[in-house]
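Reading through the structure tokens given below for one structure.
The values are calculated or read from the model by the stated rules, or taken from the named source; none is laboratory data. Model, not experiment: these values are computed from the prediction. With ideal geometry, Cβ positions are generated from the backbone for all residues, glycine too; neighbour counts draw on all protein chains shown.
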Amino acid sequence: MNSIDMNWVKPDTSLPGNQQDYLNQGIFAEWYKQIEGHSFDVRTAANSFYELVSSEENIDVSMESKFVVPIVKKTGEYPVVEGIKVTAKDGTPHNIAAKSVIDATQDGDIGAAAGVEFTIGREDLGDIKSSMAVTAVFRLRNINAKAWNLISKRLNEDGNAGTGTDKMSAWGYGAEMKGYVPLNKERAMMRGLNIGRQNDDTILINALHIFGIDGLDPASHKEAMNIAKEEIPNVVKYLNTFPDFKNAELDGIASELYVRETRHMKGLYRLSIIDLLENRDQWDRIAFGSYPSDIQKTSPADHGAIPVDPWRYAVPFRSIVPQAVDGLLVVGRSASYDTLAHGSARVIPTGMAEGQAAGVAAKLVRENNITFRQLSESKPLIAELHKQMNDQGMDIKPYTLPKPDFMTHKNYPGLKAAVYMGLAYGSYGNQAFDLDKVSNVQRMVNQINNMKRVYTSHFTGNPSEALQGLEGPDKKPLSLQQASFTLAKAIGLNATLEEAQTLLQAKGMITKTSVDLIGDKHNLTNGDVYMLLNDAVGHVVGNQF
């Protein structure tokens, strides 16, 4: 894949594709300045990485190792990673002792082998079987300047804010791809095209979603590649029906899948979607993010979502430190993020910033003869970490941003809870929270069922029982009485429609404050509902958002 999801400076930035400022400098900026842009020729990118690495005296590069596993000493309070065992291409094992090991594998493989705890996929949302779709990237040839101009003309005249092009990138064709009928309707689907141009009249396309794949299982990877090999030639035939791709031919399928999500580490701090929602800084910041929380489809029936489009948030050092293993840091997409926050923090610029910070941290723990855990607790040493990172050109400094409008809304406490539980999505620009939009009876039942998935053991009732005898619940306005009845059914309380509100308030499961904020008790808004759900989760589960 030859396109990067960038952390542009917001909210004052121009649209992607134009010259603009981006977060995370340092090594990422050194590399980025050598390539063509946020889409690039893969040879340029590979050569630039190699030049950066080979120019460092103290780096030894091994490109052909067969296996790498941690050497773990299991004495003391926590296991300690004391190096790695590398099996060379010829089968020869080599033990390499180290004061620190930095796991920058995509899936946190070294950490997992060392005993670090992780959640998998959407487990933290109660969805233990799902992860975002994987993608098989494919290459098309015969996309010369004339063809690129046709692509640019279509997308730039589309009038859709979600489409466009620049010298090396094109994004769009969402409406056109809806017309594609997959050969494997249960396992494959085309989304809008993300196109990265190469310097040899070829393009790479990231658009084919493949569902039900275990990113940690080689056999599942093989299954996905077989699906892709059957599907992609048919995709190309479909694209040939458009003048822009009339002469395009399949020139190859990537040998490795684009896997978006597998492990999420349990670190000293777990980056949450609320950190993104509130654009939070962190005292031990090591990287910044601003990319939308892009949650791709998990199945053909799923729509995907953008829960939050942050302006800027900081990733803390604690998010790369495991909870119960010493001598190890985990950086990149398997660091300590909740699954919704991971939708943004998984991108390459953030991971590269974490990697540079990890290198500085490794130097500090060696010089001070301490653990990463002890470093994470020391404000003077974190200040030294920041100084050394800034001296390297990282620009890791505190920041203050104005509050977005939704944070000043009367129902914001409820919105926080809803976003955390995956019930509310702001989409691009955070314009879709719709706090003042009137809700309906069916919508609240759907939201509680999603909430129940997160807190299964606490909400043991069936909210759908509140729909009995109602016609057209998706069109019926939601009253406070009906909302209370639905919530009582979800909690498992024995109450009638008329009794529910009084009983819930008496038990503290909804508060007088939330009830008093409701402007029209016969037509509750989304914000009103979120406040009631926030009350219930706070009382029943004990979670405060």
Residues that are touching a His at 6+ places or on another chain (Cβ under 9 Å) and either free of Cβ contacts under 8 Å to residues at least 12 places away in the same chain or in a strand (DSSP E or B) (or both), drawn from region 237-262: 256
Any chance residue 322 is more than 19 Å from residue 132 (Cβ to Cβ) and touching a residue at least 60 places away in the same chain (Cβ under 8 Å): yes
Every residue from region 527-545 that is surrounded by fewer than 24 Cβ atoms within 10 Å (Cβ to Cβ) and either among the polar types (S, T, N, Q) or at positive phi (or both): 542, 543, 544
Residue, nearest to residue 62 (Cα to Cα), within region 86-108, restricted to residues that are out of contact with any Leu (no Cβ under 9 Å at 6 or more places or on another chain) and of a type in the set (D, E, K, R): 89
Cross-chain or 6+ apart pairs with Cβ under 9 Å, region 461-482 first and under 20 Å from residue 514 (Cβ atoms) and at pLDDT 95 or above, then assigned to a loop (DSSP other than H, G, I, E, B) and of a type in the set (Ser, Thr, Tyr): 477/439; 478/439
Residue match in region 420-435 (condition: part of a loop (DSSP other than H, G, I, E, B), hydrophobic (A, V, I, L, M, F, W, C) and farther than 21 Å from residue 515 by Cα): yes
Filtered residue count, region 32-65, keeping only those that are in contact (Cβ under 8 Å) with a residue 24 or more places away in the chain, acidic (Asp, Glu) and surrounded by 11 or more Cβ atoms within 10 Å (Cβ to Cβ): 2
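Which residue, of 193, 155, is part of a helix (DSSP H, G or I), surrounded by 18 or more Cβ atoms within 10 Å (Cβ to Cβ) and without any contact (Cβ under 8 Å) to a residue 24 or more places away in the chain?
Answer to the selection: 155.
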The lone exception for residue 93 - which of (1) surrounded by 13 or more Cβ atoms within 10 Å (Cβ to Cβ); (2) touching a Ser or Thr at 6+ places or on another chain (Cβ under 6 Å) it fails: (1)
Identity of the residue in region 66-82, modelled with pLDDT of 95 or more and not β-branched (Val, Ile, Thr), that ends up surrounded by the fewest Cβ atoms within 10 Å (Cβ to Cβ): 73
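Every residue, every condition in (1) more than 28 Å from residue 115 (Cα to Cα); (2) assigned to a loop (DSSP other than H, G, I, E, B), yes or no:
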| residue | (1), (2) |
| --- | --- |
| 269 | no, yes |
| 275 | no, no |
| 299 | yes, yes |
| 303 | yes, yes |
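In this structure, is residue 383 under 30 Å from residue 82 (Cβ atoms), hydrophobic (A, V, I, L, M, F, W, C) and within 25 Å of the chain's Cα centre (by Cα)?
Numbers: under 30 Å from residue 82 (Cβ atoms): yes; hydrophobic (A, V, I, L, M, F, W, C): yes; within 25 Å of the chain's Cα centre (by Cα): no.
Here the answer is no, as residue 383 does not meet what is asked.
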Residues that are among the β-branched types (Val, Ile, Thr) and either surrounded by fewer than 16 Cβ atoms within 10 Å (Cβ to Cβ) or within 23 Å of residue 407 (Cα to Cα) (or both), drawn from region 425-447: 438
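Do we have any residue at all in region 516-531 that's acidic (Asp, Glu) and in contact (Cβ under 8 Å) with a residue 60 or more places away in the chain? Step through it out loud before you land on a result.
Residues of region 516-531 that are acidic (Asp, Glu), as a first pass: 516, 520, 528.
Filter once more, so that each one left must be in contact (Cβ under 8 Å) with a residue 60 or more places away in the chain: 528.
Taking every residue of region 516-531 in turn, at least one turns out to be acidic (Asp, Glu) and in contact (Cβ under 8 Å) with a residue 60 or more places away in the chain.
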Selection count, region 84-119, where residues are without any contact (Cβ under 8 Å) to a residue 60 or more places away in the chain, under 24 Å from residue 333 (Cβ atoms) and of a type outside the set (A, V, I, L, M, F, W, C): 1
